[in-house]
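A.B. asks: My questions will all concern the structure given below.
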Amino acid sequence: MKWRKLRRRSGGVIDRRGESFPSGSGGRGLGGFPIPVGGGVGGVILLLVIFFAFQFCAGGGVDIPGTPELGGADEASQGESGPGVEGTPAEVVDAVVDDVQTMWDEDIFRPAGRTYRDTSVVLFTDRIDSGCGAASAATGPFYCPADGLVYLDLGFFRELDRRFGAPGDFAQAYVLAHEVGHHVQTLLGTNEAVQRESRENPSERNELSVRLELQADCYAGVWAASVYARGVLEPGDVDEGLAAAAAVGDDRIQQQTQGRIDPESFTHGTSEQRATWFRTGFESGDPDACDTFDADI
């Protein structure tokens, strides 16, 4: 990805790496709303406890699970930007988030007469206090609708490569575009509607969560179409995005962490579903094609 060609804007990253957050401080805790959306993959018992407690909060949370092994590494080892890419991981995160938000603001919201409100990515090491409660690197990247921010320990990108087999700078960009997609869902009222429906119909909670996550995947694909049209992508970038989407499917994560697959507990969609909806966004370039709530997923 030719990241220096991405469109820039002010803000984008809040660097809180190295700050100390005492255990149990701040936030609403894992038991209250809103819970984060979007999170990772990871560590057997600890990850599964975090995943199911922290998993569902439209527009913020556990889309792409993490692992207990994350955190504590220096920046050079926390995630490479990709072959031939100059700049630190934090700089690339900043550039990608700027471009994703510029697309939503200038290309989609404004023409529709809507007002876009920016989010930022909070970079942290090991643990962080968010508006959704305390979280650790094991939670994986997540968006918290309570404060409207994305949270990321850069060590997750190392795990995305080594543990999930999804290397490359555009795999990382997919993660960021997905999390910003949750922010868009909050701005559009989708997250609130899903939370309300899940409270009224608890039996539909998991399916609603899956549809929410797949829509964020589709939104990431819409951004991929935008940068492709502007000549920012390089050969293999789209394949990296598809590989990353597939790598964090519920079926693959469950097989890796617990040795079996339980479709009844899916909250993010299968590898095939996640890659399919990313591709839907990419091929259409249109957010209206991302209505996962009325579609046969």
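The values are calculated or read from the model by the stated rules, or taken from the named source; none is laboratory data. All values derive from a computational prediction rather than experimental measurement. Ligands, DNA and RNA are stripped out before the accessible areas are found, and what is left, the full protein with its side chains, is counted by its heavy atoms. Shrake-Rupley method; radii C 1.70, N 1.55, O 1.52, S 1.80 Å.
A.B. asks: Of all DSSP beta bridges located in segment 110-234, what percent are antiparallel, nearest 5?
C.D. replies: Of those bridges, close to 70 percent are antiparallel.
A.B. asks: Residues with amide H under 5 Å of Ile261's amide H, sequence separation 5 or more or different chain, H placed in the peptide plane at 1.01 Å from N; which?
C.D. replies: Correct list: empty.
A.B. asks: In terms of the Cα gyration tensor, with a ≥ b ≥ c the square roots of its eigenvalues, is segment 216-259 rounded because a/c is under 1.5, prolate because a/b exceeds b/c, or oblate?
C.D. replies: Oblate.
A.B. asks: Oh, and also: Per residue, how much accessible area does segment 77-212 show when a 1.4 Å probe rolls over the protein heavy atoms, in square angstrom?
C.D. replies: Dividing the accessible area of segment 77-212 by its residue count gives 33 Å².
A.B. asks: Output the Cα-based Rg and Dmax of segment 81-205 in Å, rounding Rg to one decimal and Dmax to a whole number.
C.D. replies: Final numbers for Rg and Dmax: 15.8, 50 Å.
A.B. asks: Under the definition of Cα pairs under 8 Å and six or more residues apart, what whole-number percent is the relative contact order of segment 144-256?
C.D. replies: 38 percent
A.B. asks: Taking all pairs of distinct Cα atoms, average 1/r, flip it, and tell me the Kirkwood hydrodynamic radius of segment 181-239 in Å to one decimal place.
C.D. replies: 13.0 Å
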